[in-house]
Amino acid sequence: MASELNINISIDVLDPEELNEQERKAMQLAQEAAKDAYAPYSNFLVGAALVLEDGTMFKGSNQENAAYPSGLCAERTALFALSANHPNKKITMMAVTARRRSDEQFLPAMPCGACRQVMAEYEYKQQEAIPVLLQAQDGKFYRFRSVADLLPFQFTKEHL
Ligand code: THU
């Protein structure tokens, strides 16, 4: 009989007051970043913030294009810009949030598959887990302890 493989992923579900100072600041920066989204087609504003090992932060927002597939998500915009400008700085955490342009309220923002793959690349590169803080339902937050928890069974450099 076939054996079964179970994967168990623990996610911290947090109320706003349970965020630590750095997480609060990172989520705030992600919210600010969403304001800079260039999203005239979807009107869906996504912001991502990266906290670096020296405590500084870096942000990105989604950048759309009239040729739709040429646009890029907030997470990848932030990660590629960071890697292009500070290629050797380690990321200690990442925060993502989103809202509709017509609404002030922030919505649950789950990174798309392509962004998870890119997040996994940089986590693999730095050989240190990147915790990911996401806006969740009802004003709560999800804290994934690593990108690997968001993307199990990864394809990485090791497979080449
Ligand atoms: N988007 C992101 O920025 N991040 C994601 O993980 C999912 C989707 C953007 C892409 C597009 O500009 C808009 O949200 C609607 O899909």
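Each value in this text was obtained by applying a stated rule to the coordinates, not by laboratory testing. Everything numeric here is computed off the predicted structure, so don't read it as measured data. All Cβ positions, even for glycine, are placed from backbone atoms using ideal geometry, and neighbour counts span all protein chains on display.
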Ser3-His159 FRET efficiency (beta carbon distance; Förster radius 30 Å; 0.05 resolution): 0.85
In sequence order, calculated HN-Hα J values of the range 82-87 (Karplus, 6.51, -1.76, 1.60; Hz; x Gly/Pro): 4, 5, 6, 9, 9, x
Cα gyration tensor shape for the range 72-160, rounded if a/c is under 1.5, else prolate or oblate: prolate
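Give me the dipole magnitude in Debye, nearest 20, for the range 77-160 about the Cα centre, with unit charges on the beta carbon: positive for Lys and Arg, negative for Asp and Glu. Walk me through the intermediate numbers first.
On the way: 11 positive and 8 negative charges, 27 e Å.
In total the dipole reaches around 120 debye.
At most 10 other Cβ atoms within 10 Å and a DSSP loop assignment: could you name the GluC sites (Glu not before Pro) in the range 1-80 that fit? Numbers along the way, then the final one.
Details: sites: Glu4, Glu17, Glu18, Glu21, Glu23, Glu32, Glu53, Glu64, Glu75; in loops: Glu4, Glu53, Glu64.
Qualifying residues, ordered by number: Glu4.
Using the Cα centre of the chain as the reference point, and only Cβ charges (+1 on K/R, -1 on D/E), how large is the resulting charge dipole? Debye, rounded to the nearest 20. Spell out each step's value before the answer.
On the way: 16 positive and 21 negative charges, 92 e Å.
In debye, rounded to 20, the chain gives about 440.
In percent, how large is the relative contact order of the range 75-160, given Cα pairs closer than 8 Å and 6 or more residues apart? Let's see the in-between values first.
On the way: 106 pairs, mean separation 23.9, N = 86.
Reported relative contact order: 28 percent.
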Chymotrypsin sites (Phe, Trp or Tyr not before Pro) restricted to DSSP loop in the range 76-152 with at most 10 other C-beta within 10 Å: none
Candidate aspartates and glutamates for bridging to Lys125, where Cα separation is under 15 Å - those fewer than 8 sequence places away on the same chain excluded: Glu53, Glu158
Leu107 long-range amide H proximity, modeled H, under 5 Å: Ala98, Arg99
Sites matching trypsin sites (Lys or Arg not before Pro) across the range 96-160 that sit in DSSP coil, with at most 15 neighbouring C-beta atoms within 10 Å: Arg101, Lys140, Arg145
MRE, 222 nm, helices only [DSSP H, n ≥ 4, -39500 (n - 2.57), over the chain, to nearest 500]: -8500 deg cm²/dmol
Inter-label distance, nm, simple model (7 Å from Cα along the C-beta direction), His86/Leu52: 0.2
Computed E for Gln105/Lys25 - FRET, C-beta separation, R0 22 angstrom, nearest 0.05: 0.60
Relative contact order of the range 1-105, pairs being alpha-carbon contacts under 8 Å that are 6 or more residues apart, as %: 27
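Does the chain come out rounded, prolate or oblate by the C-alpha gyration tensor, with a ≥ b ≥ c the root eigenvalues, rounded set by a/c under 1.5 and, if not, prolate when a/b is larger than b/c and oblate if not? Mind dumping the intermediate values first?
Values: a/c = 1.37, a/b = 1.25, b/c = 1.09.
It is rounded, given that a/c, with a ≥ b ≥ c, falls under 1.5.
So for the range 29-149: antiparallel DSSP bridges make up what percent, rounded to the nearest 5? The partial results should precede the final answer.
Numbers: 20 of 24 bridges.
Bridges in the range 29-149 that DSSP calls antiparallel: roughly 85 percent.
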